[in-house]
Structures are given as C-alpha cells and as structure tokens.
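What follows is a short report on a single structure.
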Amino acid sequence: MSDVAIEAVTKTFGAVSIIKGVDLAIPTGEFAVFVGPSGCGKSTLLRMISGLESVSSGTIRIGDVDVTRRPPAEGGTAMVFQSYALYPHMSVSENMSFGLRMNGAPRAEIERRVGEAARILQLEQLLDRRPKQLSGGQRQRVAIGRAIVRHPKVFLFDEPLSNLDASLRVQMRVEIARLHQEIGATMIYVTHDQVEAMTLADRIVVLNAGKVEQVGTPLDLYERPANLFVAGFLGQPSMNILDACVHAADGTQVSIRVAHGPLIGLELAAGHGLAAGEPVKLGIRPDAIRLQPRGRGEMPADVEIVEHLGDEVIAYLRLPGTPEAIIAKLEKSSGVRVGDACAIGFAVPELHVFGTDGLARTRLAHSA
Amino acid sequence: MSAASEHKHVGDGWGAVTFICLTVLALLFLAPTIGVLLSAFKSTRDIALGDLWSLPQALYLDNFAEIFANPSVRIYLVNTLLVTVPATAASIALGVAAGYVFAKLPFRGSDLIFLGVVSGMFFPPQIILIPLFKLFNALGLIDTLWPMILIHSAMGIPICTLLMRNFFSTVPNALREAALLEGVNEWQILTRVALPISLPALAVLATLQFTWIWNDFLWPLIFTQSDDKRTIMLGLVSLRGQYSVAWGVQGALSIVASLPTQVIFLFFQRFFIRGMTMGAVKG
Ligand SMILES: Nc1ncnc2c1ncn2[C@@H]1O[C@H](COP(=O)(O)OP(=O)(O)O)[C@@H](O)[C@H]1O
Ligand SMILES: [Mg+2]
C-alpha cells in the first residue's frame, strides 16, 4: 500500500512551468528524501503534497483519499519549516498545542499529546520558554514537536536543518532518524544536502528542473546512477566524467577509448545502442582511481594539489597538455605529493558509461 | 586621519546648529502653551495685572473648581469620548481587516486597490465638506454625534490600512501556513497570531487616531449646533462667549482636555518598540 501517491503532477506559476510531470509512490512508513539543486522545485512539490500550494494538473492521494483540491488541514500532513515558523508570542507548550486548542480538542487530550511530544524530543524542561529564549536546535525540536502532537499521517520536512550550524546539523539529523524509528510514520524530507539525503533516506528522489531524475535507495543511486545528473550530484567529491569514444562495438562487448588515455573493454547490456566512433562519457568515482608510477599506468598525470582530510587524501590531477582535471580520493598512506608525476589506473568494474543522451548504459557482470 | 577628523568636526558644527534651531523652535512652540498652562492657576485679577508668562502670585485652583462645577464640561467630555472611542476602534478594526487581506491574501488587482485606499490620505477633507453636509442633512443626522463618528472612522481607514498592511507584511508567511496546516482558520490566524505580534503597530495607531479625533475641531464645528452636542475642543472655545474673556478657566479646561490623550500615550507607548517577531523565524 502506498501512503502518498503522486500521479502526473505539474505546477505552473503564470507561464513558468516549475514541476513538469512527477509520478511517485511513497509506501507507508517510508522515509523519502527529495534532493536536488536549489530552485529545482523540491519545496513546491512538498507544498503541493501539504495542500499549501495548488496543483496545476495531476492528482495527489494520501492514504486512500484524493487530496488534490483539499484545503491544507484535511490532508493529514504536518510540516516542519526551514524557518521553524514558531509563534513568537507563545510558549513552547502553547506553540505545540495551538492547533489542537483552536480545533477544540479536550484539554486532557492536549496535555497528553504535548507531554508525549515533549518526552520524545526532550523538551520537558523548556515548555514555558518563549521561542526567542531557545537555541536554533531547540527551536527546530519545538517545530517538530508541533508536528508530532497532530499525529499526522505524513510528516513533511522542508530543509529543516539548513539554518543550523554544522555540528548541530549532524546531531539533529541523528535525532530525526531516531524519531522516524520511534514513531514509524511516513516522512518526506526535502534537502539540497546530499549527505542528509544519503544518511536519512530509505529512498531518495533526485529532482532536477521540475522532473524526477531517479528514485532508489541511497546505495542504488550511488552505485548505479541512471544518468549523468545523478552521477554528478551524489558523492563527495563528485564523480569524474571523462570524454571518451566508442572504439568498437560487437554485441554486448564494447571497447572504449578514453581521450588521452587507454582503450578499455567492457560488457554492456543489450540495447545499449552504441556504435563505433560514437562519443560517450565515462564516469569514475574519485575513490576508484588508483595512482601508479608513471610508465606503468594507462594515463599519465601530474599531481597539482593535495588536500589532507586526516584519514584520506584528495588529490587533484591534471592530464599533461590538457585542461582536464581529475580528482582522486586516496588512502592517507599513499604518500602522494604535489608535483608527483604519476599515472592513473582505472578500476574497470567501477566505470560508468553514459551515452550522448546522458543516460547510463547498464554494465553486465564485470569481466575484469 | 585628517579627512576623517575634519569630517567629524563639520558634523559637530552642524550638530550644534541643528541643536540651536531645534531649541529655538521648541521654545517658540512651548511658550504659548506654558502661558496658557500658567493662566490656569491664576485669578482673573492676576491675569489682568501680569503678562501671560508671569508666575501666579498664589496657587489658585478656582478655575478648576469652576470647570468641574460646570455641567456642560462633563457633557463635552462625554460627547468627545462617544465620538473618539468608537471612531478609533472602527478605523483600526477596518484597517486591520483590510491590511491583513492586502498583506496575506492578495488577489488580482489588490495592489491597485491598496494604492487607491492609501491615496485617500492625501485628500483634503475641506473638498468634501459641502457634499458631506448635504448627505448628513438628508439623513437627518445634523446636530448628532454620528457625522463625526462616521467621518473619522472612514478617514482613518487609509492610514490604518497602510500601517497594518506594512506591519502584517513583516509577519512571516510561514506562520500563517503553519497555522493553516494545523486546521486553524483565517480569523483565528488574524486574532491569535497576526494581531498579538502586531501590538506595536496597534499601539501607534490607537495613540495616533485617539489624539487626532479627540483634538478635532473642524467636523464638530460643522455638524453640531446645540451646546449638549459639542465636543471638548468646541466647548473650549465656546467658554469664551459664556464668561467674557475667561483665560483662567480656558487654561484649566485645556489641561483637563489634554489629559485623556496624555493617558492614552503613556499607556500605549510601552508597546511601541517591542520587537515581537523576534524568535519567530531565523534569518
Ligand atoms: N509563488 C511562486 N511564484 C512564482 N515562482 C515561484 C513561486 N514559488 C516558487 N517559485 C519558483 O519555482 C522554482 C522552484 O522553487 P522551489 O520549489 O522553492 O525550489 P527548491 O525548494 O527546490 O529550492 C523557483 O525557480 C522559484 O523561483
Ligand atoms: Mg526550497
């Protein structure tokens, strides 16, 4: 059963099309993360699910109910805003109980729910404070508490951690993950931060320019990006994308010549549609790059910059005589130094092949 | 270094000039006021002998006694309250409603309507004096308090709408949206969220409108005839006719007449500066 079903949903503001046909099914209890660059329409999609934004076409169902044209409160969603959106003149407990009070819930029920939310979020000591007497992290916990007291079918989070500093962000991320485990409700979480997406999500929805690029588990998307956009968006540092050209294609066996580099043979699933002479892109993650002594490797390169991150080393490599730079993530024991003349070796099983259409070609069982 | 310090000196020079100018202006403005205030505490004889600014020879309170003994004064004060309180409340209520719609529920063309409403502020009331007189005459409301209540309510709308719209615009949309998602209706959002946050704006408006309407002279002069329909400002002037040149009594009544506006100011000014939105949203 799917708790949130989005079918062919579009959104236009005036003449500008912002959401260009989105289909999604989010099962009950799932933690789904919408991730994508700023301005791609994540918030708009989330706000359409909440009912705060009207839907231009398509349908949205929550549970079995078509909520496409319903007012916000009837969808059974609760939203946590990036700006917290706490009522400044109310105490923490008044903030959490406001909606229930306005809707005439019995006093005992209100107290029970506020107490429960305060316990889950460790807000018991703060119930009488005003928002301005709270730290950023505490404010966001109150905002989450305000969502919890409503017992919503679906929690919606719009970049809830963006206003927090880095260390608090990590801490709140863990708290939100714990919250999901504890109450098990469906949650949809919007972020432009791929680390938040990778760490929190059961499933990630990658959005770009109003369209879904790919949906899958974090590992799925990391290991098998469906296209150049997803490949480049997830992973830090991002995947290296190299120009290459099909040297020969014989059924599923394809050999590809990397510009300034070696000829690589690999096996692609049938229907790859690549022909000899066709340009392609090769993707390789920084941690799949091996540095070898010059002469033994496949592609000569010079080490330009080295960044030490403690447990690992990021090396920026330049191919001699070209403007192209390649980023490698190496063990700290690699001993790489600026100015080293070396050669790049590819771990062929970890190569990704993209056609000129930007779509990935499926690799078959890797024959080293 | 020299450029900076020179600049500072120039600034100081101007500061002194500004200070002197302001002091002179303040004195010019205060002098007659002080004169009137002093005469409130002088006997008629005392007034006739000394000049306007001479100190009273003894603290003389009979002027006040005379005012409080005069039944007309009580009627003037009650009439003024009967005009000022409803008109202040009505103009603020209408401004709040219109301002909320313009700020939070805009519709096609609402910006244009807003401009139209606000431009009413720049409309000299004398232009509509005769049509208004004919209107209220036709309605049979001449020599009642209604024309003043209605006119002040209406003429307060532009300034109240402008101020409330601008204040509501600073109330984050996310607050309204959070409330909507919780099933809170628009009226509850206005009264339980937007208004409590907007206390500073309400306090400014209440003070402004109350003072303005309380001190009005023009409209009561036009629309009232009988003594028991007069407001305090009109009464203040009419005292002269009753008691030849009653400077002392007039001074005393001036003090009494200005008390309500002073009280209103003192009561509301503590809300003026409060930054109520702090802590609502970050950044
Ligand atoms: N009310 C609106 N009117 C016009 N354009 C809007 C409105 N809301 C959002 N947009 C536009 O829609 C695009 C997507 O916005 P948004 O969903 O907020 O992006 P994201 O959350 O992914 O950063 C942006 O280009 C933004 O300018
Ligand atoms: Mg956004």
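The values are calculated or read from the model by the stated rules, or taken from the named source; none is laboratory data. All of these numbers come straight from a predicted model, not from anything done at the bench. Here Cβ is always computed from backbone atoms with ideal geometry, including for glycine, and neighbour counts include all displayed protein chains. Each accessible area value is taken on the protein alone, full model and side chains, heavy atoms only, with ligands, DNA and RNA left out. Shrake-Rupley method; radii C 1.70, N 1.55, O 1.52, S 1.80 Å.
Things worth noting here:
- Of the whole protein surface, residue A:66 contributes about 80 Å² of accessible area at a 1.4 Å probe radius.
- Taken over chain A, the percentage of Cα pairs per 10 Å bin, counting from 0 up to the bin with the maximum distance, is 5, 20, 25, 21, 15, 9, 4, 0.
- With a simple spin-label model that places each label point 7 Å from the Cα along the Cα-to-Cβ direction, the separation between residue B:138 and residue B:204 comes to 3.8 nm.
- Selected from A:283, A:308, A:248, residue furthest toward positive end of dipole (the range A:237-365; charges at beta carbon): A:248
- With 0.36 nm allotted per residue and the present C-alpha distance subtracted, the residue A:202-residue A:174 stretch has 8.7 nm of extension available.
- Across peptide A:86-94, the average count of Cβ atoms from other chains found within 10 Å of a residue's Cβ is 5.
- Orientation-averaged projection of the protein assembly as shown equals 46.7 nm² [convex hull of Cα atoms, one quarter of hull surface area].
- Accessible area of residue A:213 in the full protein assembly, 1.4 Å probe (Å², nearest 10): 60
- Dipole orientation for the protein assembly as shown: of the candidates A:82, A:204, B:250, B:250 has the Cα lying most toward the positive pole (charges on Cβ; Lys, Arg +1; Asp, Glu -1).
- Mean Cβ count within 10 Å, highest first, over the residues of peptides B:213-219, A:301-307: B:213-219, A:301-307
- Peptides B:35-47, A:275-287 ranked from most to least packed, by the mean per-residue count of other Cβ atoms within 10 Å: B:35-47, A:275-287.
- Average other protein chain Cβ within 10 Å of Cβ, residues B:162-173: 1
- Spatially, the range A:1-48 and the range A:123-148 are offset by 29 Å when compared through their Cα centroids.
- From largest to smallest, the equivalent ellipsoid semi-axes obtained for the range B:64-279 from the alpha-carbon gyration tensor read 38, 21, 13 Å.
- Where chain B is the region considered: accessible area per residue in Å², 1.4 Å probe: 55
- Stokes-Einstein diffusion of the range A:1-96 at 4 °C, 1.567 mPa s viscosity, Kirkwood radius from Cα pairs, rounded to a whole number: 89 µm²/s.
- Candidate residues A:211, B:229, A:332: accessible-area rank, largest first, probe 1.4 Å: A:332, A:211, B:229
- The relative contact order of the range A:275-368 comes to 36 percent, based on Cα pairs under 8 Å that sit 6 or more residues apart.
- Farthest toward positive dipole pole in the protein assembly as shown [+1 Lys/Arg, -1 Asp/Glu at C-beta], among A:192, A:353, A:62: A:62
- Taken about its Cα centre, chain B carries a charge dipole of about 460 debye when Lys and Arg each add +1 at the Cβ and Asp and Glu each add -1 at the Cβ.
- Applying 1/(1 + (r/R0)^6) with R0 = 60 Å to the Cβ-Cβ distance of residue B:126 and residue A:20 gives a FRET efficiency near 0.50.
- Placing dummy labels 7 Å off each Cα toward the beta-carbon, the span from residue A:259 to residue B:238 is 9.5 nm.
- Apportionment of accessible area to carbon and sulfur, the protein assembly as shown, percent (1.4 Å): 61
- FRET efficiency estimate (nearest 0.05) - Cβ-Cβ, residue A:13 to residue B:57, R0 56 angstrom: 0.10
- Burial of accessible area (probe 1.4 Å, heavy atoms of protein chains only) in the range A:111-149, relative to its chain alone, reaches at least 30 Å² for A:132, A:139.
- Partner chain coverage, peptide A:77-85 - average Cβ within 10 angstrom: 6
- Order of exposure, largest accessible area first, which applies to B:264, B:232, B:130 with probe 1.4 Å: B:130, B:264, B:232
- A 1.4 Å probe, protein heavy atoms only, puts the accessible area of residue B:72 near 20 Å².
- Taking amide H atoms as placed 1.01 Å from N in the peptide plane, the amide H of residue A:289 lies under 5 Å from those of A:329, each 5 or more residues away in sequence or on another chain.
- B:268, B:107, A:81, reordered so the largest accessible area comes first (probe 1.4 Å): B:107, B:268, A:81
- The charge dipole of the protein assembly as shown, taken about its Cα centre with unit charges on the Cβ atoms of Lys, Arg (+1), Asp and Glu (-1) only, comes to about 1200 debye.
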